[in-house]
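For reference, the structure is listed below as structure tokens.
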Amino acid sequence: MSSNISINNEIEEYINNHSLKLNSVQKEIILYNETLGKIKKMQIAVSQCHFLHLIIKISKIKKILEIGTFTGLSTVSMSLALPEDGRLISLDKNQETNKIALNFFKKANQDSKIKTIIRPAFESLKIFKDQNKKFDLVFIDADKENYKIYYEESLNLINQDSLIIIDNVLWHGEVVDKKKNDRLTTIIREFNSYVNSDKRTENLIIPVGDGLTVCRKL
Ligand SMILES: C[S@@+](CC[C@H](N)C(=O)[O-])C[C@H]1O[C@@H](n2cnc3c(N)ncnc32)[C@H](O)[C@@H]1O
């Protein structure tokens, strides 16, 4: 059996140097997030930007729902992969970061495709369910405590063969560290088991960035 390599910073850099390239606004968002100090960690990894791009292209996705906009890196990355008539709704509760994100959407010429909604995500999800709204892809990257609720609500908002992708499912590798039993690590572990035992979807954890689970609705 061949052994898997572990992805250290050097290999990550090599991958990035030999893969798709970021556009100027994606680079600008990353530079801006650097100025925020510790919370820059919130943004998705560069490799995840490209992974989402590829999935959207090959699945011919047109309607995306995102839970967790922050300053807009994942939103812009996904929007750039959409066709001209594609649409993306992004949910966040933070007015301040949303203002910054809106500015980047304009700079990237994506503002006509993207709509943001500022309120607790759960409220928006309930409204979409009542409106019988459907999406081709839901990307979940917000408060981990509500991941299970977001997953359940997202299942109401997609048809068969559509996708739910969830970020941070490897939790910096702590999901396998038996010494780590803090609240958030436990929440992520329970969430991963919950999704994996769900007969309504099939799922694969992809070790890109902090770990993405890709679920296809059966
Ligand atoms: C990890 S960040 C999202 C990062 C983003 N996807 C990116 O690539 O830059 C999580 C976001 O979820 C938002 N959030 C946290 N709890 C929320 C809630 N209950 N409803 C809506 N948004 C929430 C935070 O304000 C934060 O902007």
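The values are calculated or read from the model by the stated rules, or taken from the named source; none is laboratory data. These figures come from a predicted structure and were not determined experimentally. Positions of Cβ are backbone-derived with ideal geometry, glycine not excepted, and every protein chain shown enters the neighbour counts.
Say whether the condition of being modelled with pLDDT under 85 and farther than 29 Å from residue 92 by Cα is met by at least one residue in segment 16-24. There is no residue in segment 16-24 that is modelled with pLDDT under 85 and farther than 29 Å from residue 92 by Cα.
Per-residue answers, yes or no, for (1) within 14 Å of residue 208 (Cα to Cα); (2) within 13 Å of the ligand (Cβ to nearest atom):
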| residue | (1), (2) |
| --- | --- |
| 4 | yes, no |
| 13 | yes, no |
| 16 | yes, no |
| 22 | no, yes |
| 30 | no, yes |
| 33 | no, yes |
| 45 | yes, yes |
| 48 | yes, yes |
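Based on this model, can you work out whether residue 116 counts as in contact with a helix residue (DSSP H, G or I) (Cβ under 9 Å, 6 or more places away or on another chain) and not in a helix (DSSP H, G or I)? If you could, list the steps in order and put the result at the bottom.
Details: in contact with a helix residue (DSSP H, G or I) (Cβ under 9 Å, 6 or more places away or on another chain): yes; not in a helix (DSSP H, G or I): yes.
In short, yes.
Determine the pairs where a residue that is within 22 Å of residue 78 (Cβ to Cβ) and in contact (Cβ under 8 Å) with a residue 24 or more places away in the chain, located within segment 164-190, has a partner that is among the hydroxyl-bearing types (Ser, Thr, Tyr) and not in a loop (DSSP other than H, G, I, E, B) with Cβ atoms under 6 Å apart, the partner being 6 or more residues away or on another chain. Short answer, once both residue conditions are applied: 164/154; 166/213; 169/213.
Of the set (1) exposed (fewer than 13 other Cβ atoms within 10 Å of the Cβ); (2) touching a Gly at 6+ places or on another chain (Cβ under 9 Å), all apply to residue 35 but (2). The residue that is farthest from the ligand (Cβ to nearest atom), counting only those in segment 159-213 that are outside any helix (DSSP H, G or I), over 20 Å from residue 57 (Cα atoms) and among the small types (Gly, Ala, Ser), is 197. Every condition in (1) away from the ligand (no atom under 12 Å from the Cβ); (2) under 18 Å from residue 137 (Cβ atoms) is met by residue 37 except one, and the failing one is (2).
When residue 149 is tested against the conditions (1) more than 16 Å from the chain's Cα centre (by Cα); (2) within 12 Å of the ligand (Cβ to nearest atom); (3) closer than 23 Å to residue 187 by Cβ, the lone failure is (1).
Would you say residue 84 is within 15 Å of the ligand (Cβ to nearest atom), of a type in the set (Asp, Glu) and either surrounded by fewer than 17 Cβ atoms within 10 Å (Cβ to Cβ) or under 21 Å from residue 200 (Cβ atoms) (or both)? Explain how you work it out, then say what you get.
Numbers: within 15 Å of the ligand (Cβ to nearest atom): no; of a type in the set (Asp, Glu): yes; either surrounded by fewer than 17 Cβ atoms within 10 Å (Cβ to Cβ) or under 21 Å from residue 200 (Cβ atoms) (or both): yes.
Answer is no for this residue.
With respect to the conditions (1) within 27 Å of residue 160 (Cβ to Cβ); (2) modelled with pLDDT under 95, residue 86 lacks only one, and its number is (2). Just one of the numbered conditions (1) under 21 Å from residue 203 (Cβ atoms); (2) more than 8 Å from the ligand (Cβ to nearest atom); (3) in a helix (DSSP H, G or I) is not true of residue 129: (1). Screening 140, 114 for residues that are more than 12 Å from the ligand (Cβ to nearest atom), hydrophobic (A, V, I, L, M, F, W, C) and buried (at least 16 other Cβ atoms within 10 Å of the Cβ) leaves exactly one candidate, 114.
Taking the conditions exactly as written (assigned to a helix (DSSP H, G or I) and at pLDDT 95 or above), does residue 38 satisfy them or not? Spell out the reasoning first.
On the way: assigned to a helix (DSSP H, G or I): yes; at pLDDT 95 or above: no.
Taking the combined requirement at face value, the residue does not satisfy it.
The number of residues in segment 50-80 that are more than 8 Å from the ligand (Cβ to nearest atom) and buried (at least 21 other Cβ atoms within 10 Å of the Cβ) comes to 9.
Kindly provide the set of residues from segment 98-128 that are over 14 Å from residue 67 (Cα atoms) and hydroxyl-bearing (Ser, Thr, Tyr), ordered by number. Residue satisfying the conditions is 112 alone. Right, residue 123: charged (D, E, K, R), loosely packed, with under 13 Cβ neighbours inside 10 Å and in a helix (DSSP H, G or I) or not? Answer is yes for this residue.
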